[in-house]
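Undergrad: Before anything else, here's the structure in question.
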Amino acid sequence: MGLNFACRPVRDYMYSIITELFERFDVDGVSMDFNRHPTFFRREESYQNRYLMTDLVRRVRKRMKEVSAKRGRDLELAVRVPPTIADSTRIGLDVREWIDEGLVDIVVAGKGSIPFEMPIREFVEAAEGTGISVYGCIEGLKPVIDENPIRALAARMWRAGAGVYLYNYFTLPAEWKRRMLPQLADPAKLAKLDKRYEIDHTDRMAYGGHGGTFRNSVPAAQIPVVLEETLTGQGPILRMDIADDVETASADGSLGRCTLGILLDNFTPLDEIEVRINGEVYPWSSGRTAYLPWPDVGVAGFPMMAGKRSIQFDLDCPPLRQGENEVEVRFSSYGPRGYGDKYSAHKGHEWNKPAVLIGVEITITYSKDL
């Protein structure tokens, strides 16, 4: 941590540690985890120096082949890299080159920070036809220790052609593992289990202390979004990847209730929105709204805070569909804001800031009678 891999002694030192592991011990292989912590060069020199990290991986692979030949069995090399190929390359990890040269056997994408938006398919496509396995990382932090979100993420990985890699789930009880792991490992079992898809939040991770390096490799997510009145009346369009075959489930009668949840901050009593799912309008009047805790946020006794308002819509299928879905949030009524007017206070709170979209989720349930 904190080493500059542009320096030859650093690369020699790390090479000696990595190779000692499989030279001295009867292991199946080695995992080079480039997500702990993803800073290897001076930031402004990372892209230019990516050939040096490739050289280190190439050197490790060469020695691994030599040891494999002596033992008469193959050793495998796994790497865990940032959640996009572009961000990996930007910080000096030319994962596409590693795949093309056959330097690795397993690529694990991501560290769990943007699991719903990680473009896992681009890693699968890069490895297609090479025999290299691709896994998508799901980390054991809120919200993905809850059953419905982790099911949604696992289904998303499987549909993209990747496997499922769990990180930091060692803290969960044995009962959870006995119940959940067989579900996550079997796409057929997952298909008709309830799920919750979410839009990732840029501030989902804490970046203080040792976590500061994570910001270096994790791209921004789609929310939060400040909602302002626009010149055309259109609002931000957000995209959600749904792995469930909701069309087939709707046709065979196994699909249960599907809902869209929206969480807003700095929302005044006179604000109203309408939501469009793949172009179909869901007006404010069709939703259920309240100043209530956001479900499953993992905060006990979440207070009735000013402006924190949720609204939930029942969705039909269509417009909800498998694959990419567009969610547009538009203002249908925008309440006055600013200090000094009669609307600037409600229940003792000031309404002087723009509304902010801070949460979007789609919950899919299935009939339990089938």
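The values are calculated or read from the model by the stated rules, or taken from the named source; none is laboratory data. Keep in mind that what you see is a predicted model, and the values were worked out from it rather than measured. Positions of Cβ are backbone-derived with ideal geometry, glycine not excepted, and every protein chain shown enters the neighbour counts. Note: accessible area is taken over every heavy atom of the protein model, side chains too, but ligands, DNA and RNA are not part of it. Shrake-Rupley method; radii C 1.70, N 1.55, O 1.52, S 1.80 Å.
Undergrad: Considering only DSSP beta bridges where both residues belong to the chain, give the percentage that are antiparallel (nearest 5). It would help to have the intermediate numbers written out before the result.
TA: Details: 42 of 61 bridges.
In the chain, DSSP labels about 70 percent of beta bridges as antiparallel.
Undergrad: Per the 1.4 Å probe, what fraction of the accessible area of the chain, in percent, lies on carbon and sulfur atoms? Walk me through the numbers on the way to the answer.
TA: On the way: 9150 of 17660 Å².
So the carbon and sulfur contribution to the accessible surface is 52 percent.
Undergrad: Let me ask another. Round to the nearest 0.05 the FRET efficiency obtained for Tyr13 and Arg239 when R0 = 45 Å and r is the Cβ-Cβ distance.
TA: Values: r = 43 Å, r/R0 = 0.96.
Taking R0 as 45 Å, the efficiency between Tyr13 and Arg239 is 0.55.
Undergrad: Gain in length, Ala251 to Asp55, computed as 0.36 nm per residue apart minus the alpha-carbon separation, to one decimal in nm? Write out the running numbers ahead of the final one.
TA: On the way: separation 196, 0.36 × 196 = 70.56 nm, distance 5.35 nm.
The span from Ala251 to Asp55 would gain 65.2 nm if fully extended.
Undergrad: Rounded, prolate or oblate: which fits segment 105-252, taking a ≥ b ≥ c as square roots of the Cα gyration tensor eigenvalues, rounded meaning a/c under 1.5, else prolate when a/b beats b/c? Write out the running numbers ahead of the final one.
TA: Working: a/c = 1.44, a/b = 1.19, b/c = 1.21.
Judged from the Cα gyration tensor, segment 105-252 comes out rounded (a/c under 1.5).
Undergrad: Calculate the spin-label point distance for Val67 paired with Asp203, positioning each point 7 Å from the Cα along the beta-carbon direction, and give it in nanometres.
TA: Distance between label points: 4.5 nm.
Undergrad: Run the dipole for the chain about the Cα centre, Lys and Arg Cβ at +1, Asp and Glu Cβ at -1, nothing else charged, and hand back the magnitude in debye, nearest 20. Please report the intermediate quantities before stating the final value.
TA: Numbers: 47 positive and 53 negative charges, 229 e Å.
Once rounded to the nearest 20, the dipole reads 1100 debye.
Undergrad: Per residue, how large is the accessible surface of the chain? Use a 1.4 angstrom probe and give square angstrom. Intermediate results must be reported in sequence, preceding the final value.
TA: On the way: 17660 Å² over 370 residues.
Averaged over the residues of the chain, the accessible area is 48 Å².
Undergrad: Hey, what number do you get for the chain at 222 nm if only DSSP H runs of n ≥ 4 count, each worth -39500 (n - 2.57), divided across all residues, to the nearest 500? Display every interim value, and only then the final one.
TA: Details: 9 runs with 95 residues, N = 370.
Mean residue ellipticity, 222 nm, calculated: -7500 deg cm²/dmol.
Undergrad: Note down the magnitude of the dipole of segment 76-143 about its Cα centre, charges +1 on Lys and Arg C-beta and -1 on Asp and Glu C-beta and zero elsewhere, to the nearest 20 debye.
TA: On the way: 6 positive and 12 negative charges, 78 e Å.
Computed about the Cα centre, the dipole is about 380 debye.
Undergrad: By how many degrees, 0 to 90 and rounded to 10, does the Cα axis of helix 174-184 deviate from the longest principal axis of the chain?
TA: 90 degrees
Undergrad: Give me the Kirkwood hydrodynamic radius of segment 102-181, using the inverse of the mean 1/r over all pairs of distinct Cα atoms, in Å to one decimal. Show your work: numbers first, answer last.
TA: Values: mean 1/r = 0.0764 Å⁻¹.
When all Cα pairs of segment 102-181 are included, the Kirkwood radius is 13.1 Å.
Undergrad: Now a separate question. Taking the 0 to 90 degree range and rounding to the nearest ten, how far is the long axis of helix 50-71 tilted relative to the main principal axis of the chain, both from C-alpha atoms?
TA: Tilt of helix 50-71: around 60 degrees.
Undergrad: Moving to a separate point now. What FRET efficiency comes out for Phe25 versus Asp146 if R0 is 35 angstrom and r is the Cβ-Cβ distance? Round to the nearest 0.05. Intermediate results must be reported in sequence, preceding the final value.
TA: Working: r = 37 Å, r/R0 = 1.07.
So the FRET efficiency works out to roughly 0.40.
Undergrad: Then there is this: Going toward the positive end of the dipole of segment 13-168, with +1 on Lys and Arg Cβ and -1 on Asp and Glu Cβ, which of Gly110, Leu52, Leu141 do you reach last?
TA: Leu52
Undergrad: If you don't mind, there's one more thing I want to ask. Of all the Cα-Cα pairs you can form in segment 210-256, what percent are over 14 Å apart? Spell out each step's value before the answer.
TA: Numbers: 782 of 1081 pairs.
So the portion of pairs separated by more than 14 Å is 72 percent.
Undergrad: Still on this structure, please answer the following. Hey, could you grab the Kirkwood Rh for segment 1-113? Inverse mean 1/r over distinct alpha carbon pairs, Å, one decimal. Spell out each step's value before the answer.
TA: Details: mean 1/r = 0.0698 Å⁻¹.
Averaging 1/r across every pair of different Cα atoms and inverting gives 14.3 Å.
Undergrad: Using all alpha carbons of segment 1-58, what is the percent of pairwise distances in each 5 Å bin, ordered from the shortest bin to the longest?
TA: 4, 16, 27, 28, 13, 8, 3, 1
Undergrad: Distance in nm between label sites at Ser286 and Glu44, each 7 Å beyond Cα in the beta-carbon direction?
TA: About 5.3 nm, to one decimal.
Undergrad: Once the dipole of the chain is set up with Lys and Arg at +1 and Asp and Glu at -1 on Cβ about the Cα centre, which of Asn4, Ala191, Tyr334 lies farthest towards its positive end?
TA: Asn4
Undergrad: With everything on Cα atoms, drop me the angle between helix 8-24 and the longest principal axis of the chain, reported from 0 to 90° to the nearest 10.
TA: Its long axis makes an angle of about 80 degrees.
Undergrad: Additional query: Report, in whole Å, the centroid distance computed from the Cα atoms of segment 1-40 and segment 115-174.
TA: Using only Cα atoms to place each centre, the spacing works out to 24 Å.
Undergrad: Find the lysine pairs in the chain meeting two conditions, Cα atoms under 14 Å apart and a separation of 8 or more places or different chains, and report how many there are. It would help to have the intermediate numbers written out before the result.
TA: Working: Lys62/Lys70; Lys111/Lys142; Lys189/Lys368; Lys192/Lys368; Lys195/Lys368; Lys308/Lys347; Lys308/Lys353.
So the count of such lysine pairs works out to 7.
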